[in-house]
Amino acid sequence: MSTELGLDYAGHLSALRGAVGRLVDLVADADPATPVPACPGWDLGTLSGHIGATHRWAEAMVASGMPRRLPFEAFAAEVPHDAGELTVWLLIGAQRLLATLESTDPDRPVWTFGHDRRAAGWPRRMLHEAVVHGLDAAEALRQPSRVDAAVARDGIEEFLGAMLHHPTIQRRLMPDGGEPLTGTLILAAADTGEIWRVDLGGATPRWRRVTSTADGDAVVLGGIAELYLYLWHRIPAPTVMGSPDLVAQWSRATTL
C-alpha cells in the first residue's frame with residue numbers, strides 16, 4: 001500500500017524508527033532547560049514532553065480505532081516533571097507507538113487529520129512530527145542536521161494532503177463570516193524540478209503535482225528541503241515570485 005510518493009506503511013515505519021532514535025539520542029544527555037529557538041517559549045524538556053505525549057496520544061488513537069479525535073490534554077498531563085525520568089519516558093512511549101503501528105492493519109479505520117481515515121496515515125504523521133522536532137532539537141544544541149530529499153518530498157505532500165485539513169488551518173482558510181483565502185500558490189523545488197500547485201478558495205484547498213509554474217498567483221521557489229522547512233514555518237519563504245501578499249496570508253493561515 002503506497003502513497004503517491006511510493007513510500008508504504010513499512011517504509012514510513014522504518015523512517016519513523018530512525019527519526020525517533022536520532023531525536024532521543026539528541027536530547028538524552030542534553031540540558032532540558034536548553035531553549036528551543038524554533039518553538040518560542042519551549043526548552044528541550046518541553047519539546048521532549050510534547051513528543052512523548054504525542055506518541056502516547058497517537059498510539060491510543062490507533063490501538064482503539066477511534067473514529068473521533070481523542071483529547072490530547074489527558075496525555076500531555078502525563079509528562080513527568082523529573083528531568084531524569086523524561087528521556088526514559090520518551091523512549092518507552094516511542095517503543096509502544098512503534099509496536100502498535102507494526103501490529104496494526106494499515107487499512108484499519110481510525111481518525112486522522114486528513115480525509116483518509118485509516119491507520120496508514122499515522123506512521124507518516126508521526127515521521128514528520130519526529131523529523132521536524134528533531135531538527136528543532138539539533139538547532140537548539142547547535143548540532144548539524146539535514147533533511148533527506150525523499151523525506152522532504154513525502155512531508156510536502158503529507159502537509160498538503162492531510163495537515164491542510166487541520167481544524168485550526170481550515171478555520172483560517174475559510175473563516176465563518178469572513179472572506180476565504182483565494183488564489184493559486186505554487187511550490188517549486190529548484191533542485192529536483194518538482195512542482196506542486198495549491199488552489200485556494202473552495203470548500204477545501206486542492207493540490208496536485210504540475211509541470212509548470214505558469215498561472216500561479218505566487219510561486220515559492222527553493223530546494224526541496226527548504227520547501228519542507230518553509231511549510232513547517234522553520235524558515236521564511238526562500239524565494240517569492242508573484243504576490244507576496246498571498247504568501248504572507250498563507251503563512252499566517254497555516255501556522256500551527
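In region 1-120, counting only helices (runs of 4 or more DSSP H) that sit wholly within it, the ones holding 2 or more residues that are in contact (Cβ under 8 Å) with a residue 40 or more places away in the chain span 9-28, 44-64, 83-102. Scan region 153-168 and give yes if some residue there is among the acidic types (Asp, Glu) and assigned to a loop (DSSP other than H, G, I, E, B), otherwise no. So far as region 153-168 goes, no, none of its residues is among the acidic types (Asp, Glu) and assigned to a loop (DSSP other than H, G, I, E, B).
Taken together, the residues in region 236-256 that are in a helix (DSSP H, G or I) and either at positive phi or in contact with a helix residue (DSSP H, G or I) (Cβ under 6 Å, 6 or more places away or on another chain) (or both) amount to 1. Here ILE51 clears all of (1) β-branched (Val, Ile, Thr); (2) in contact with a Phe, Trp or Tyr (Cβ under 9 Å, 6 or more places away or on another chain); (3) under 17 Å from TRP122 (Cα atoms) except the condition numbered (2).
Results for (1) within 14 Å of the chain's Cα centre (by Cα); (2) at pLDDT 95 or above; (3) in the same structural domain as ALA15 (by TED's automatic domain parsing), shown as yes or no for each residue.
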site	(1), (2), (3)
ARG125	yes, yes, yes
ALA137	no, yes, yes
ALA140	no, yes, yes
ALA152	yes, yes, no
GLY155	yes, yes, no
GLY161	yes, no, no
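Only one entry in ASP191, ASP154 is over 21 Å from GLY114 (Cβ atoms) and touching a residue at least 40 places away in the same chain (Cβ under 8 Å), namely ASP191. Considering only residues in region 163-218 that are charged (D, E, K, R) and either within 18 Å of the chain's Cα centre (by Cα) or modelled with pLDDT under 95 (or both), the one that is surrounded by the most Cβ atoms within 10 Å (Cβ to Cβ) turns out to be ARG172.
The values are calculated or read from the model by the stated rules, or taken from the named source; none is laboratory data. Every value quoted in this text rests on a predicted model; they were computed, and no experiment measured them. When we count neighbours, we look across all protein chains shown, and the Cβ atoms used for this are built from the backbone with ideal geometry, even at glycine.
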